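Asks: There's a structure below that I have some questions on.
Bear in mind these aren't lab numbers, they're just calculated from the coordinates by the rules spelled out. Given the structure is predicted, the values throughout are model-derived calculations rather than measurements. Note: ideal-geometry Cβ built from the backbone for every residue, glycine included; neighbour counts use all protein chains shown.
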Amino acid sequence: MEDDEETSLSSKQSAIDFAAYVSSRIIVAFVQVLPYDMADSLCRLLAKLFSRVIVIRRKTFAENMRLIFPNSTPQQQHALCEAMWHHLLLMVCEIAWAPRRLHLTNWMKHFRVRHNRVMLKNLLSGRPTIMVTGHYGNFEVSGYAVGMMGFPTVTIARRLDNAYLHAYLEEFRGTHGQLMVDKEGCAPLIDRHLATGGALSLLADQHAGTKGCWVDFMGADASCHKALALFSLTSSATMVVGYTRRLERPMLFESGVVGVADPLNDPTGICAGVRPLTQWFSDRLAEAIAPGIEQYWWVHRRWRTKPVKARNIARAA
């Protein structure tokens, strides 16, 4: 009887997931045929709805504002909230457009690349490279474009609960060779990939729990995964912190590099250990975000309460 109930629940959930997948594909198909200006106007309208009427992660947004912008006025916070939702909605549109509108023959119409020699020097060096960014700008289109230009990367990501949507997103990311690996048990695969001089792309602003490496991020305590620094230090991989932010219209981006750390050439001691390297890339990421704060995910639960043990360790240091 219990097995029958579990099977029934599983089938029901599968049907719900499939319905959500079909709905998403219909929305994507609709977005793909929209002109840029029409989609931009629609996103602005929906952003007003999400910031004024529909409460989505309002508590998380308010807490992040309290921590990072304690002196901001309610009006400034509301303006930032609306601008952030406009960015997030437009980001979804750009992901839908990328396979149809972004190609090797026209990428220069969509990207203004800064520090391209720094990026190419590291990707073509034959040494392992770790490309670090955050929930900022359009990191999905950035990864797509890097693969399209002949630099396939490995990315660590948590599997989506909806298997149909996960497969669809994985197909998008893998179109030009970006390999997605689940974070559970991925260390051996990543070590082998880096040992052969491969490139790894990571989001550096994921909360790592109470046992993570606690550093200052935009003026507040944040827990970072130690693995990011360890991957670089144990494989002597160059770490490149970059960004891809949207400019004045949809599908027009600026990509650049804000810092490079090399364990084999480290005169300033950035790579002396996990904590200094983690603090370094957190500072560089904050530097990248500063010119366009509305393009950061302020509904992302980046900052949590620092445990007492971590505070005591920080004081002792």
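Asks: Can you quote the Å³ per residue value for the convex hull of the Cα atoms in the chain, rounded to an integer? It would help to have the intermediate numbers written out before the result.
Replies: Details: hull volume 53.1 nm³, N = 317.
So the per-residue Cα hull volume is 167 Å³.
Asks: Please compute the contact order of segment 100-316 in relative form: average sequence separation of alpha-carbon pairs under 8 Å and at least six residues apart, divided by the residue count, as a percent.
Replies: On the way: 363 pairs, mean separation 56.9, N = 217.
Relative CO of segment 100-316 lands at 26 percent.
Asks: Order by neighbour count: 196, 210, fewest other Cβ atoms within 10 Å first, most last. Don't jump to the answer; show the numbers that get you there.
Replies: Numbers: 196 8, 210 14.
If I rank by nearby Cβ atoms, fewest first, I get 196, 210.
Asks: Restricting things to alpha carbons, tell me how big segment 153-206 is in terms of Rg and Dmax, in Å.
Replies: For segment 153-206, the Cα-based Rg and Dmax read 11.6, 33 Å.
Asks: While we're on this one: Can you list the aspartates and glutamates whose alpha carbon is less than 18 Å from that of residue 226, not counting same-chain residues fewer than 8 positions off?
Replies: Result set, ordered by chain and number: 182, 184, 191, 205, 216, 262, 283.
Asks: Additional query: When a footprinting reagent is the concern and you count Cβ atoms within 10 Å, what order do 214, 107 take, fewest first?
Replies: Details: 214 22, 107 14.
Lowest to highest Cβ neighbour count: 107, 214.
Asks: Rounded to the nearest 500, what is the 222 nm mean residue ellipticity of the chain from helices alone, with -39500 (n - 2.57) per DSSP H run of 4+ residues and division by all residues?
Replies: Working: 11 runs with 160 residues, N = 317.
When only DSSP H runs of four or more count, the value is -16500 deg cm²/dmol.
Asks: Out of all DSSP beta bridges in segment 100-316, what portion is antiparallel? Express it as a percent rounded to 5. Show your work: numbers first, answer last.
Replies: Values: 14 of 32 bridges.
Within segment 100-316, antiparallel bridges account for around 45 percent of the total.
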